[in-house]
1. Got a number for residues in region 178-203 being among the charged types (D, E, K, R) and under 17 Å from Leu59 (Cβ atoms)?
2. Being under 23 Å from Ser210 (Cα atoms), without any contact (Cβ under 8 Å) to a residue 40 or more places away in the chain and charged (D, E, K, R) is the filter here; which residues of region 41-84 pass it?
3. Read through the list (1) under 20 Å from Leu43 (Cα atoms); (2) modelled with pLDDT under 95; (3) not hydrophobic (A, V, I, L, M, F, W, C), then give the number of the only condition that Ser199 fails.
4. Can you confirm whether region 47-58 contains a residue that is touching a helix residue (DSSP H, G or I) at 6+ places or on another chain (Cβ under 8 Å), under 26 Å from Val154 (Cβ atoms) and modelled with pLDDT of 95 or more?
5. When both residues are 6+ apart or on different chains and their Cβ atoms are under 9 Å apart, which pairs have a first residue that lies in region 149-174 and is part of a loop (DSSP other than H, G, I, E, B), and a second that is among the small types (Gly, Ala, Ser) and at pLDDT 95 or above?
6. For region 24-45, state whether one or more residues are under 21 Å from Glu102 (Cβ atoms), among the acidic types (Asp, Glu) and either modelled with pLDDT of 95 or more or touching a strand residue (DSSP E or B) at 6+ places or on another chain (Cβ under 6 Å) (or both).
7. Any chance you could count how many residues in region 129-142 are touching a residue at least 24 places away in the same chain (Cβ under 8 Å) and either out of contact with any helix residue (DSSP H, G or I) (no Cβ under 6 Å at 6 or more places or on another chain) or surrounded by fewer than 15 Cβ atoms within 10 Å (Cβ to Cβ) (or both)?
8. Of all residues in region 59-92, which are touching a helix residue (DSSP H, G or I) at 6+ places or on another chain (Cβ under 6 Å), more than 20 Å from Leu184 (Cα to Cα) and not hydrophobic (A, V, I, L, M, F, W, C)?
Amino acid sequence: MPARAATVVCSLLFVGVVLTSARGAEPAPDPLVTKLQDRLDHLTSLQGEFVQTLSSSGLGRTRTESGRFWIRKPNLMRWEYTSPEKKLAVVDGTHAWLYLPEEREAQRGPASEVEQAGATSLLTGRLRLDRDFTSRRPGPDELAADLPLPTRTVMIELTPRRGDLEFQKALVAVEPDRLEIRKLVLVDPLGDRMSFTFSGLEQNQPLPDSLFRFDPPPGVHVEDGSDGPG
């Protein structure tokens, strides 16, 4: 199945469909958004722990997973899922890998599909918060679906200006003093929500190349959905 591996890794990072961008005169960005974008512009790496939750009417239930992640700009990522089951997603700059150890299967696809995913692009600043979105601060009565929020954070709602982004809106819980994204929620037009809550964040630490390499263990079946020669 073409590009199945990249599609699966993308599904771990975001859910959404294309929405036509907003039109008309837009207000100036929230000052906190401007400060956060400046911090992302100077970000070289990011690592920490995450809890990922998908609330989908199609699934009929909420699925929660957790683990640890490492990102090195411009295009290297590693997401280690430890609960409820182990799996590994690696983007090495050329390929996106998803390794399912219990199934002894690895899936490989083009890295470009994952690099453009909403969560990754927002965390690394690939999407500019001050240019690609309008922003506002939702009221307390609008946040019930996303509680609890991390302590000492301010929630900002981002609506895409562009028509090529694959989510309807993003909700970003920012810690103003440290300018860290502590929670990120992506919402599609059907109301399905993919959320990430982050903790133990470390920025701009050296990360070795070895973190972003994946060699399938012996005996593991590799399903290759990459474009071109592998």
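The values are calculated or read from the model by the stated rules, or taken from the named source; none is laboratory data. Just so we're clear, the structure is a prediction, and the values are computed from it rather than from any experiment. Cβ atoms come from the backbone with ideal geometry, glycine included; neighbour counts cover every protein chain shown.
1. Matching residues across region 178-203 total 3.
2. Result: Arg68, Glu80.
3. (2)
4. Checking region 47-58: at least one residue is touching a helix residue (DSSP H, G or I) at 6+ places or on another chain (Cβ under 8 Å), under 26 Å from Val154 (Cβ atoms) and modelled with pLDDT of 95 or more.
5. Pairs found: Leu149/Ala173; Pro150/Ala173; Pro150/Ser199; Thr153/Ala173.
6. no
7. Within region 129-142, residues that are touching a residue at least 24 places away in the same chain (Cβ under 8 Å) and either out of contact with any helix residue (DSSP H, G or I) (no Cβ under 6 Å at 6 or more places or on another chain) or surrounded by fewer than 15 Cβ atoms within 10 Å (Cβ to Cβ) (or both) number 7.
8. The one that is touching a helix residue (DSSP H, G or I) at 6+ places or on another chain (Cβ under 6 Å), more than 20 Å from Leu184 (Cα to Cα) and not hydrophobic (A, V, I, L, M, F, W, C): Asp92.
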